[in-house]
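This report concerns only the one structure given below.
The values are calculated or read from the model by the stated rules, or taken from the named source; none is laboratory data. It should be emphasised that the depicted structure is a prediction, and the values quoted were computed from it without experimental measurement. So basically every Cβ, Gly included, is an ideal-geometry build from the backbone, and we count neighbours across all protein chains shown. What goes into the accessible areas is simple: the full protein's heavy atoms, side chains included, and nothing from ligands, DNA or RNA. Shrake-Rupley method; radii C 1.70, N 1.55, O 1.52, S 1.80 Å.
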Amino acid sequence: MSRAAVDTGRIKDLVRARLLRDPELEALSAPERRLAVQTAVHDALSDARAILPVGSLAEVVNEVSDEVVGLGPIERLLKDPEVSEVMVNGADDVYVERKGRIEKVEGLWFEGEAQVLHLIERIVSPLGLRVDESSPYVDARLSDGSRVNAIVPPLSLCGPSLTIRKFSLKPFTPEDVVRMESVPADVMRFLGERVRGRANLIVSGGTGSGKTTLLGVLSSFIPSQERLITIEDAAELRLSQPHVVSLEARPPNVEGVGEVTVRALVRNALRMRPDRIIVGEVRGGEALDMLQAMNTGHEGSMSTAHANSPRDLLSRLETMALMSDVDLPVSHVREQVASALDLVVHTARLPDGQRAVVAVTAIEGTRGGTIRTTDLYGRQRDGSMVLPDAHAPAHGAGTPQRQVARPEPVSAIPGRTPILRGAGERRRPILGWPGSLRRLGTVTEGR
């Protein structure tokens, strides 16, 4: 039979139908599954008495392999090292994030919404989850740790939508983020010293600003002899220390039971004799439990949270703590936040797509019912970092007081107010700050 007479679409359908009926396919290794696909393609061609050139045959095998044992048309996108996120908006609208920028993928589409739904089903079924009209959205993760969110009609008006945030198999190191100019070397050195000094910190920022990546990088400074408990919605952190216990929350099953929340895991972690607790992200009532852990002997604990600025993060922590089932006045929650936290490291995605640390803020307790903070670092518009009033003298006992000239205002976060303070403020050089504010004094007080 000539090449033109071979209906490759029909061959794919035959092979697809034959393989999807094979219950043993999922149990095979990747090479064995690909061999099974190749055998099924040869059988289908033999049954149809068709012949395909080697190139066309490989194309059919690859496409069917991607769909039956991979992730269909988006498989090649997930294998692209430059792609950090894949977004499927229905059957014929696919976008990716590449180097921090979103771009549409031309010439790639699914063969109808049924194929997108089948792909979603392939991801969530092994996890005991489902997506249908009664449960139209789900969070899951792939075997390599990549995060997955799927939402289907009637909630999604553009058809089934799938978002996959890729997981990096090679964790970033402090040297990597410094080389990428996400964090200046002196700032990274400063943060490393604070982590080793058991400062409690939270990495804040918007979606996709690199919070979890930075949390993993900062975790690399933790001494290897400590026992670490990590708690995440979807396990992403890969720590290099030898004594790490990783816990992952569990959503409800298809019957709507069996849910284990991050908050429950935080409470359980307190009974596991941790030296430090690392929570992938606080977003609800678990914030109160995390603050309690930081205040009850688990110094050096870390987490991430969504916020627009360090100051906004403090307000969000209060709100999240009030979402717990513990009835506390706002003033008490504010005291908990101020006494638990030492540092807020804020990240942002810059206009050119780069993810970077744009502010580092120290928490100094409360005064007059308000949490006092000091901005340690801020990123200027040209990308450099500044140390506000770095040359101001300490104002402890015996230190002469003088006014510090007001520096040129710079914005730590594009589009937001400057972080530098006005003239006349007296503070010690921040580089002399030893860490743990609760044990060693505040930033603005002499030792």
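In Å, what Kirkwood hydrodynamic radius results for region 152-207 from the alpha-carbon pair distances?
With all distinct Cα pairs of region 152-207 included, I get 14.9 Å.
Ordering E181, E121, E85 from largest to smallest accessible area (1.4 angstrom probe), what's the sequence?
Largest to smallest exposure gives the sequence E181, E121, E85.
Determine, from the Cβ-Cβ distance of I151 and M323 and an R0 of 22 Å, the FRET efficiency 1/(1 + (r/R0)^6), rounded to the nearest 0.05.
0.40
Between region 342-361 and region 234-266, how far is it from one alpha carbon centroid to the other, in angstrom?
Here the answer is 27 Å between Cα centres.
Kindly identify region 198-312 as rounded, prolate or oblate by the Cα gyration tensor criterion: order the square roots of the eigenvalues as a ≥ b ≥ c, call it rounded if a/c is under 1.5, otherwise compare a/b with b/c, prolate if a/b is larger, else oblate.
Note, shape of region 198-312 comes out rounded.
If each Cα of region 63-211 is one equal point scatterer, what is log10 of I(q)/I(0) from the Debye formula at q = 0.09, 0.11 Å⁻¹?
So the normalised log intensities work out to -0.37, -0.53.
What is the calculated FRET efficiency for S315 to R267, with r their C-beta to C-beta distance and R₀ = 22 Å, to the nearest 0.05?
Calculated value: 0.35.
Dividing the convex hull volume of the alpha carbon atoms of region 103-158 by its residue count, what do you get in Å³ per residue?
It comes to 108 Å³ per residue, whole-number rounded.
Averaged per residue, what accessible area in Å² does region 205-252 show with a 1.4 Å probe, protein chains only?
Result: 39 Å² of accessible area for each residue.
For region 190-307, give me the percentage of DSSP beta bridges that are antiparallel, rounded to the nearest 5 percent.
5 percent
Binning at 10 angstrom from zero up to the longest distance, how are the C-alpha pair distances of region 174-259 distributed in percent?
15, 42, 29, 10, 4, 0
Packing-wise, with mean Cβ within 10 Å as the measure, how do 205-212, 129-136, 112-119 rank, highest first?
Packing proxy ranking, top to bottom: 205-212, 112-119, 129-136.
Round to the nearest 10 and report in Å² the accessible area of R311, as given by a 1.4 Å probe over the protein chains' heavy atoms.
Roughly 100 Å² of R311 is accessible to a 1.4 Å probe.
Quick one: the Cα spread of region 292-377 along its three principal axes, in angstroms, biggest first?
So the three principal-axis extents are 44, 26, 25 Å.
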